[in-house]
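**Q** Structure incoming, see below.
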Amino acid sequence: MIEKIKTLLSEIEQLKASDANELEAARIRYLSKKGIISTLMDDFRSVPADQKREMGMRLNELKQKATEKIQSLKEQFETAGSTNACIDLSRTAYPVPLGTRHPISIVKEEINDIFKRLGFSIAEGPEVEDDWHVFSSLNFADDHPARDMQDTFFVQNDPQIVLRTHTSSVQTRVMEKAQPPIRIICPGRVYRNEAISYRAHCFFHQVEALYVDKDVSFADLKQVLLFFSKEMFGEDTRIRLRPSYFPFTEPSAEMDISCNICGGKGCPFCKHTGWVEILGCGMVDPNVLDNCGIDSKIYSGYALGMGIERITNLKYQVKDLRMFSENDVRFLEQFQPAY
C-alpha cells in the first residue's frame with residue numbers, strides 16, 4: 001500500500017490539464033467519493049495496528065497534495081479567463097461620463113459629522129411604521145391634521161400601518177428601550193402624500209436630534225443650534241428663534257439663519273427679509289417622555305429636526321427639488337469633490 005501511495009504522489013506532482021473539463025476529470029479520479037484516495041481510505045481499516053500511524057500520515061499527505069494541486073490548476077484557469085474577459089472590444093474609445101456622490105448624501109454626512117462632534121450617536125428605524133410610534137406616542141391628538149389621508153401614506157388602507165412622516169418615530173423607539181442620558185440623531189427618508197413639484201415631493205430626507213437627561217434646558221438647545229449653524233454655514237451666521245407649535249415639544253420654536261446668499265441684507269431667495277427658515281425645535285413634551293417610559297419629573301430633553309433637501313438648497317442653490325431624485329448624471333457631476 002505504501003508503494004501505491006508513492007506512485008500516486010508522483011502522478012499528482014506531474015499532473016497537468018489542458019482545460020477545465022480535463023481538470024474536473026482528474027479531480028473526480030483522485031478526490032471524489034468513489035475516487036482512488038477514498039478507496040485507499042476504505043482499505044486503511046484493514047491495515048495492521050502497528051502500521052496505522054505511518055499509513056495514516058502518508059494518506060493525509062496524499063490527499064493534501066492532491067487537493068493543493070487541483071486547486072492550483074483551477075486558479076490558473078480562472079486567472080487566464082479573467083484576463084481575457086477584461087478586454088471589451090466593443091467599448092467606446094471615449095471616456096464614459098460618471099456622476100459623483102449625491103448632494104443629499106454629502107450634506108447628510110456633513111450634518112452627522114457636526115452632531116457626532118457634540119457627542120450624538122446615530123440611530124435608525126423602519127420606514128414602514130405603526131401609528132403608535134409615528135403619532136400617538138408623540139402626543140398627536142386623534143383628530144390632528146397629520147393623520148389625514150392628504151398627509152400620510154397608509155399601507156394597504158390600514159390606519160395603523162403607515163410610511164413614516166418624520167424620523168421622530170426613531171426617537172420614540174430609542175426612548176422605549178433606553179434610559180437617559182440619551183443623545184441621538186436620526187437621519188432617514190420620510191414620506192408625505194403631497195403633490196410633486198419644484199418645491200415639494202412625496203418623499204424627502206430628514207435629520208432629527210434628541211437629547212434627554214437631567215436638567216436639560218432651552219439654553220442647551222440654543223447653544224447646540226448656534227454651534228450647528230456656524231459649523232454648517234460659516235462663522236458669521238446668525239440665528240433667530242420664533243415661537244411655534246409642535247405636538248411633541250413645548251415650548252416649540254422655528255429657527256431661521258441669516259441668509260447665506262445675501263449675508264442678511266435681503267435678496268429674492270430670502271424674500272428680502274434677510275432670514276431663511278431651516279428647522280423646527282423645542283423642549284420634549286413631558287407627555288412624550290411618559291409615553292415612552294421615562295419619568296418626566298426627573299428628566300427633560302430637547303428635540304430638533306430639519307429637512308436635508310432644505311439645507312442642500314441653501315448650500316448649493318438647487319432650484320428644483322425633483323433634481324435630487326432623477327439621477328441625471330449632468331446634475332450629479334456638478335458635485336465633483338475638490339482634490
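The values are calculated or read from the model by the stated rules, or taken from the named source; none is laboratory data. Not measured: the values here are computed from a predicted model. Because the Cβ atoms are built from the backbone with ideal geometry, glycine has one as well, and the counts that use them run over all protein chains shown.
**Q** Take the stretch 162-183 and flag every residue that is closer than 13 Å to Y211 by Cα and among the hydroxyl-bearing types (S, T, Y).
**A** Selection gives S168, T172.
**Q** Also: Could you tell me which numbered condition S229 fails, if it satisfies all but one of (1) surrounded by 14 or more Cβ atoms within 10 Å (Cβ to Cβ); (2) not in a helix (DSSP H, G or I)?
**A** For S229, the exception is condition (2).
**Q** If you don't mind, there's one more thing I want to ask. Pairs, please: C-beta under 7 Å, at least 6 apart or cross-chain, first residue more than 16 Å from E13 (Cα to Cα) and in the stretch 24-48, second among the basic types (K, R)?
**A** That search, which allows pairs on different chains as well, returns G35/R29.
**Q** Being under 22 Å from the mean Cα position of the chain (by Cα) and surrounded by fewer than 17 Cβ atoms within 10 Å (Cβ to Cβ) is the filter here, so list the residues in the stretch 126-156 that pass it. Quick ask: steps written out before the conclusion?
**A** Residues of the stretch 126-156 that are under 22 Å from the mean Cα position of the chain (by Cα), as a first pass: 126-130, 133-134.
Those that are under 22 Å from the mean Cα position of the chain (by Cα) and surrounded by fewer than 17 Cβ atoms within 10 Å (Cβ to Cβ): P126, E127, V128.
**Q** Whether any residue in the stretch 71-79 is loosely packed, with under 10 Cβ neighbours inside 10 Å, out of contact with any Leu (no Cβ under 9 Å at 6 or more places or on another chain), modelled with pLDDT under 80 and of a type outside the set (S, T, Y) is what I want to check.
**A** Taking every residue of the stretch 71-79 in turn, none turns out to be loosely packed, with under 10 Cβ neighbours inside 10 Å, out of contact with any Leu (no Cβ under 9 Å at 6 or more places or on another chain), modelled with pLDDT under 80 and of a type outside the set (S, T, Y).
**Q** For residues in the stretch 284-339 being aromatic (F, W, Y) and at pLDDT 95 or above, which is farthest from E110 (Cα to Cα)?
**A** Of the residues in the stretch 284-339, the ones aromatic (F, W, Y) are 299, 302, 316, 324, 331, 335, 339.
Imposing the further condition that a residue be at pLDDT 95 or above reduces the set to 299, 302.
On the way: Y299: 30, Y302: 21 Å.
Residue satisfying both the conditions and the ranking: Y299.
**Q** Answer yes or no as to whether L210 is in the same structural domain as K319 (by TED's automatic domain parsing) and touching a residue at least 60 places away in the same chain (Cβ under 8 Å). Steps first, answer last, please.
**A** Details: in the same structural domain as K319 (by TED's automatic domain parsing): yes; touching a residue at least 60 places away in the same chain (Cβ under 8 Å): yes.
So L210 passes the test.
**Q** Out of the stretch 255-271, which residues are out of contact with any helix residue (DSSP H, G or I) (no Cβ under 6 Å at 6 or more places or on another chain) and either in contact (Cβ under 8 Å) with a residue 24 or more places away in the chain or closer than 22 Å to V170 by Cα (or both)? Before the answer, list the steps.
**A** Step one: filter the stretch 255-271 for residues out of contact with any helix residue (DSSP H, G or I) (no Cβ under 6 Å at 6 or more places or on another chain), giving 256, 258-259, 261-271.
The answer is I261, G263, G264, F269.
**Q** If you don't mind, there's one more thing I want to ask. Regarding the stretch 185-192, can at least one residue be identified that is surrounded by fewer than 20 Cβ atoms within 10 Å (Cβ to Cβ) and either of a type in the set (S, T, N, Q) or without any contact (Cβ under 8 Å) to a residue 24 or more places away in the chain (or both)?
**A** Looking through the stretch 185-192, none of the residues is surrounded by fewer than 20 Cβ atoms within 10 Å (Cβ to Cβ) and either of a type in the set (S, T, N, Q) or without any contact (Cβ under 8 Å) to a residue 24 or more places away in the chain (or both).
**Q** Right, next: Considering only the stretch 291-302, I want to know if a residue exists there that is under 22 Å from S252 (Cβ atoms), in the same structural domain as T167 (by TED's automatic domain parsing), within 27 Å of the chain's Cα centre (by Cα) and hydrophobic (A, V, I, L, M, F, W, C).
**A** Yes, the stretch 291-302 has at least one match.
**Q** Listed residues R322, R238, R330; which is touching a strand residue (DSSP E or B) at 6+ places or on another chain (Cβ under 6 Å) and of a type in the set (D, E, K, R)? Outline the logic, then answer.
**A** Values: R322 fails: touching a strand residue (DSSP E or B) at 6+ places or on another chain (Cβ under 6 Å); R330 fails: touching a strand residue (DSSP E or B) at 6+ places or on another chain (Cβ under 6 Å).
Criteria check complete, one pass: R238.
**Q** Do you know which of the residues in the stretch 256-283 that are under 21 Å from T167 (Cα atoms) and out of contact with any Lys or Arg (no Cβ under 7 Å at 6 or more places or on another chain) is modelled with the lowest pLDDT?
**A** Per the criteria, the residue is E277.
**Q** Ok, one more. Restricting attention to the stretch 98-118, and to residues there that are surrounded by fewer than 15 Cβ atoms within 10 Å (Cβ to Cβ) and not in a helix (DSSP H, G or I), which single residue is modelled with the highest pLDDT?
**A** For the stretch 98-118, the residue satisfying everything is R101.
This table checks each residue for (1) touching a residue at least 24 places away in the same chain (Cβ under 8 Å); (2) of a type in the set (K, R); (3) surrounded by fewer than 21 Cβ atoms within 10 Å (Cβ to Cβ).
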{"residue": "G234", "(1), (2), (3)": "yes, no, yes"}
{"residue": "E250", "(1), (2), (3)": "yes, no, yes"}
{"residue": "A253", "(1), (2), (3)": "yes, no, no"}
{"residue": "G274", "(1), (2), (3)": "no, no, yes"}
{"residue": "M283", "(1), (2), (3)": "yes, no, yes"}
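Let's see how each residue does on (1) in contact with a Ser or Thr (Cβ under 6 Å, 6 or more places away or on another chain); (2) of a type in the set (G, A, S):
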site: A178; (1), (2): no, yes
site: R183; (1), (2): no, no
site: G188; (1), (2): yes, yes
site: E194; (1), (2): no, no
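**Q** Scan the stretch 49-58 residue by residue and report those that are farther than 16 Å from L9 by Cα and not acidic (D, E).
**A** Our first condition is that a residue be farther than 16 Å from L9 by Cα; within the stretch 49-58, this holds for 49-53.
A49, Q51, K52, R53 - these are the residues of the stretch 49-58 that are farther than 16 Å from L9 by Cα and not acidic (D, E).
**Q** When the residues of the stretch 119-138 are filtered to those that are of a type in the set (F, W, Y) and in a loop (DSSP other than H, G, I, E, B), which remaining residue is modelled with the lowest pLDDT?
**A** From the stretch 119-138, those of a type in the set (F, W, Y) are 120, 132, 135; that's our starting set.
Filter once more, keeping what is in a loop (DSSP other than H, G, I, E, B): 120, 135.
Values: F120: 96, F135: 92.
Looking at the filtered set, the residue picked out is F135.
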